[in-house]
Each structure stands twice: as C-alpha cells, then as structure tokens.
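See structure below.
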C-alpha cells in the first residue's frame, strides 16, 4: 500500500454512516504532483485496489479504501473520499500498551 500524505483530521463518519472526506495539503507543487501521480495509480491502474495509507498530524496511520478524489492544483490540496478507514496499529504500539497494563 502506498503512503500518500498527512490528513488534516482523524477519519470520521457522518450521521448517515458514511465516511467524511479528508484533505491533504502539500507544501510544494512537486510534492503535490508526486502524490497526485500515486493517487492516479491507486484509483485507476489495472488491478488496483483503491487502498492507501495516510497519517494524521500526531503520526497515527490509517488505511483507507478510496472511492474518489479531487485535486485543487492552485492550493496543492488532495481531497479523498473513503468508503472505509482503519487505524493501523504498529508492533511498538502493542508492546507499549502491554507494558502500560503491567505497571
């Protein structure tokens, strides 16, 4: 799965039970163009699964299943529309949780 960038907020659902869109801002046009290229492969390449990895500003990673994305070329923003989102728990986080329970 391809890492795309940092999202501005944690994935959440609306009252209807659908996932809210997520925005990713890029500092330069080069970063934006690279991320756009990755998104095209994730969404439109043959045999692609529409999955990617993003992180929030705290470094927490999420796996997203995407259905659509839009691109703001003036402000270097990619808006993604997930159909599912799951937090990725790394092995170091599992060890820390077990250690904290033992204390």
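The values are calculated or read from the model by the stated rules, or taken from the named source; none is laboratory data. In this text, all values refer to a predicted model and were calculated from it rather than measured experimentally. Counting neighbours? That spans all protein chains shown, and the Cβs are built from the backbone with ideal geometry, glycine included.
Output yes when any residue across the range 49-58 is outside any helix (DSSP H, G or I), on the phi > 0 side of the Ramachandran plot and within 10 Å of the chain's Cα centre (by Cα), and no when none is. Checked the range 49-58: no residue is outside any helix (DSSP H, G or I), on the phi > 0 side of the Ramachandran plot and within 10 Å of the chain's Cα centre (by Cα).
Across the range 59-75, the qualifying residues are those that are without any contact (Cβ under 8 Å) to a residue 24 or more places away in the chain and not in a strand (DSSP E or B), and the one among them that is farthest from residue 9 (Cα to Cα) is 74.
Based on what the data block shows, is residue 24 over 17 Å from residue 72 (Cβ atoms), in contact with a strand residue (DSSP E or B) (Cβ under 7 Å, 6 or more places away or on another chain) and either at pLDDT 95 or above or loosely packed, with under 13 Cβ neighbours inside 10 Å (or both)? Spelling it out, it is not the case that residue 24 is over 17 Å from residue 72 (Cβ atoms), in contact with a strand residue (DSSP E or B) (Cβ under 7 Å, 6 or more places away or on another chain) and either at pLDDT 95 or above or loosely packed, with under 13 Cβ neighbours inside 10 Å (or both).
How many of the residues making up the range 76-92 are in contact with a helix residue (DSSP H, G or I) (Cβ under 9 Å, 6 or more places away or on another chain) and in a loop (DSSP other than H, G, I, E, B)? So that I can check it myself, show each step before the final result.
Residues of the range 76-92 that are in contact with a helix residue (DSSP H, G or I) (Cβ under 9 Å, 6 or more places away or on another chain), as a first pass: 76-78, 80, 89.
This time we only want the ones that are in a loop (DSSP other than H, G, I, E, B), so: 76, 89.
Of the residues in the range 76-92, 2 are in contact with a helix residue (DSSP H, G or I) (Cβ under 9 Å, 6 or more places away or on another chain) and in a loop (DSSP other than H, G, I, E, B).
Filtered by the rule that a residue be surrounded by 14 or more Cβ atoms within 10 Å (Cβ to Cβ) and under 20 Å from residue 90 (Cβ atoms), the range 49-64 gives 51, 52, 53, 54, 55, 56, 60, 61, 62, 63, 64.
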